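Here, each number is a calculation from the coordinates, and none is a lab measurement. The structure presented is a predicted model; accordingly, all values stated were derived computationally and were not measured. Please note: Cβ atoms are built from the backbone with ideal geometry, for glycine as well, and neighbour counts cover all protein chains shown.
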Amino acid sequence: MNVKRAIADHLSSSQVARVTYGAIISLALVVALREHPPDPWVVVGTILGTALAVGLAEFYSEFIGTEVRSRRHVTSETVRHISANVVAVAGGISFPAVFFALAAVGSIADDTAFALAQWSGLGLIGAYGFFGARLRGAGVIESLLHATAVGLIGGFLIALKALLH
């Protein structure tokens, strides 16, 4: 499968919503930790621990929700579908851990890790907004407006932190 097709398939899947959800959670976590930054390895552990906790909560809630809605045991196919969504959420949350691992080994400064984590999360949210709009047939200008609108979610988190501290 070529890269363009793989990206199109991903952007057409339910995982887009889950990765975006995870990226917003991670962005909120990083913004909160930046005020009194712990050791970079602690940030890595906090991010990965959050990804695990949210992933397990996502799995459990979808599993139970499916059983309640269908009034049946979930099938193995449904478990695979739920698991794929869980991996997408956890991946969206976990991605910034890479920057803090680089800071922990001295490859980049701690402050740089925080900046990269914040802005890459905001960029990811905006990129999904842009490409989602393009895939539904919107023009470039409308897609940019859509990306800006969803990017304001992440911008709100950053601005809120700046106002409160």
Positive end of the dipole of the stretch 3-164, charges at C-beta (+1 Lys, Arg; -1 Asp, Glu), about the Cα centre: which of Val140, Leu122, Ala88 has its Cα farthest in that direction?
Val140
Taking the structure as given and computing Cα Rg over 2.2 N^0.38 Å, which label from [x] 1.14; [y] 1.08; [z] 1.03 fits?
[x]
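Hey, what number do you get for the chain at 222 nm if only DSSP H runs of n ≥ 4 count, each worth -39500 (n - 2.57), divided across all residues, to the nearest 500? The partial results should precede the final answer.
Working: 7 runs with 138 residues, N = 165.
-28500 deg cm²/dmol, from helical runs alone.
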Give a quick list of trypsin sites (Lys or Arg not before Pro) in the stretch 77-155 that DSSP marks as loop, anything other than H, G, I, E or B, with at most 12 other Cβ atoms within 10 Å.
Arg136
Which of these, His36, His146, His81, has the largest mean-square fluctuation under a Gaussian network model of the chain (Cα springs below 10 Å)?
His36
Go ahead and set up a Gaussian network model of the chain, Cα springs under 10 Å, then flag whichever of Ser70, Ser83, Ser61 fluctuates most.
Ser70
Over the stretch 25-165, what is the relative contact order in percent, taking alpha-carbon pairs closer than 8 angstrom and at least six residues apart?
29 percent
Exposure proxy order (Cβ contacts within 10 Å, fewest to most) of Ser107, Ser76
Ser76, Ser107
Take the alpha-carbon centre of the stretch 6-51, take the same for the stretch 128-165, and report the distance between them in whole Å.
17 Å
Gaussian network model of the chain, springs between alpha carbon atoms under 10 Å - residue of Gly129, Gly65, Gly55 with greatest fluctuation:
Gly65
